[in-house]
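This report concerns only the one structure given below.
Each value in this text was obtained by applying a stated rule to the coordinates, not by laboratory testing. Note that the structure is predicted; figures quoted are calculated from it, not measured. Here the Cβ is made from the backbone with ideal geometry for all residues, glycine too, and neighbour counts use every protein chain on show.
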Amino acid sequence: MLDETQGSNDIIVEAWNTVLFDKYLRFKHLFTEGLAPHTHQVLTRQGFREGIRVLDVGCGFGDSTIAIARMVGGKGEVVGIDCADRFIAAAKADAAEAGASNTDFFVADASISDLRGPYDEAFARFGTMFFNLLGAAMINIRRSLKPGGRFTQVVWRKREDNAFLYDAELCVKRFVPVVSHEETTAVHCGPGPFSMAGPDMVSDMMQATGWERVTFERFDCDISIGRDLDEAVQFAMAYGPAGEIIRLAEEEGEKQVPVIMEALAEAFAGYVREDGSVWAPSSAWIVTAFNPG
Ligand SMILES: C[S@@+](CC[C@H](N)C(=O)[O-])C[C@H]1O[C@@H](n2cnc3c(N)ncnc32)[C@H](O)[C@@H]1O
């Protein structure tokens, strides 16, 4: 395991605890309800056996942790870890409210912290794509599993098949100059939502970090991106590459907000359903791999 002092994650942890947490909290219903189909697919497709111990990596608000906890039952346990203490505090509160007494949550950096294994399985929904020290995290997670333990990750597939993010990114790039992470001292989210979209790169990386039997299952579904068009536009400007481009461009980004909003409303108009809610097609990989021990 790497020494706790070797990581260079401080700037990312700060981002998840400040600006990004605030954005996620504002649109919490879109993350918890909108991404529930992905957790549901994993629960129904492969499930988690009763009585086992599961690690939820980068658990965010802990909604998947709670859903898995229901499946493993009172004799099992699901442990949610996240690098941001505000997410952990929110997850603890939601789990207590849901009566999920077989959950536990603690603040940990997946790449360097003691993850308090051994676990039978590990799970990560849309978390690992943002890990700055991904290789170190993969090794650390694998070492927290028992021999034969399975790791299931849900990650976005390619940009073009996730138009709610990609169209928004293209729209914003028309009006705002892109500031790279190297050009700014502002905190940022880490690699980004499409960093694990390529199965060749991901399977090579998984094998290089000691995993075996790596498989990819494509899962497509419409996801809720807003209760109405206005919310979908606000969501796109906050979340994903579009949101990061606007934020990192600072004053220049702020100045362009009205014209970006207009362009996004036009781009998303086709996704509005009869009741006014906005649902966009999305595409993810469910990646599974095993710890040979
Ligand atoms: C996009 S959110 C996903 C949250 C949740 N899994 C979900 O599906 O809603 C990514 C999460 O990963 C966490 N995260 C980022 N880097 C991390 C790291 N190195 N170790 C642990 N958590 C990390 C962030 O704080 C954030 O809560």
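Working note: Cα atoms of the range 85-179, range along each principal axis, descending, whole Å: 48, 33, 24. If you run the Gaussian network model on the chain, springs between alpha carbon atoms under 10 Å, then out of T32, T128, T44 the most flexible one is T44. The long axis of helix 134-143 is offset from the longest Cα principal axis of the chain by roughly 30 degrees. Between helix 229-238 and the chain there is an angle of about 70 degrees, using the helix long axis and the longest principal axis of the Cα atoms.
The H on the amide N of V79, modeled in the peptide plane, is under 5 Å from the matching H of V54, L55, D56, D104, each at least 5 residues off or on a different chain. Geometric descriptor of the chain, per residue, is 123 Å³ (volume of the convex hull of the Cα atoms).
Expressed as a fraction of 2.2 N^0.38 Å, the value expected for a compact globular protein of N residues, the C-alpha radius of gyration of the range 147-293 is 1.21. When all alpha-carbon pairs of the range 215-293 are counted, what percent fall beyond 15 Å? In whole percent, the long-distance tail amounts to 64. Rg then Dmax, both in Å and based on the Cα atoms of the range 60-119: 11.0, 31. Across the range 92-106, rounded Karplus estimates of 3J(HN,Hα) from the backbone phi angles (6.51 cos²θ - 1.76 cosθ + 1.60, θ = phi - 60°) give 4, 5, 5, 5, 5, 5, 7, x, 7, 6, 8, 10, 9, 9, 8 Hz, Gly and Pro being marked x. Ranked by the mean number of other Cβ atoms within 10 Å per residue, highest first, peptides 273-285, 239-251 order as 239-251, 273-285. Hydrodynamic radius of the range 42-95 by the Kirkwood approach over all distinct alpha-carbon pairs: 11.1 Å.
Taking the 0 to 90 degree range and rounding to the nearest ten, how far is the long axis of helix 257-268 tilted relative to the main principal axis of the chain, both from C-alpha atoms? Roughly 70 degrees between the two axes. In a fully extended conformation the segment linking V259 and R213 would gain 11.8 nm over its present Cα-Cα distance, using 0.36 nm per residue.
Starting from the Cα-Cα distance between T44 and M205, subtract it from 0.36 nm times their residue separation and give me the gain in nm to one decimal.
55.2 nm
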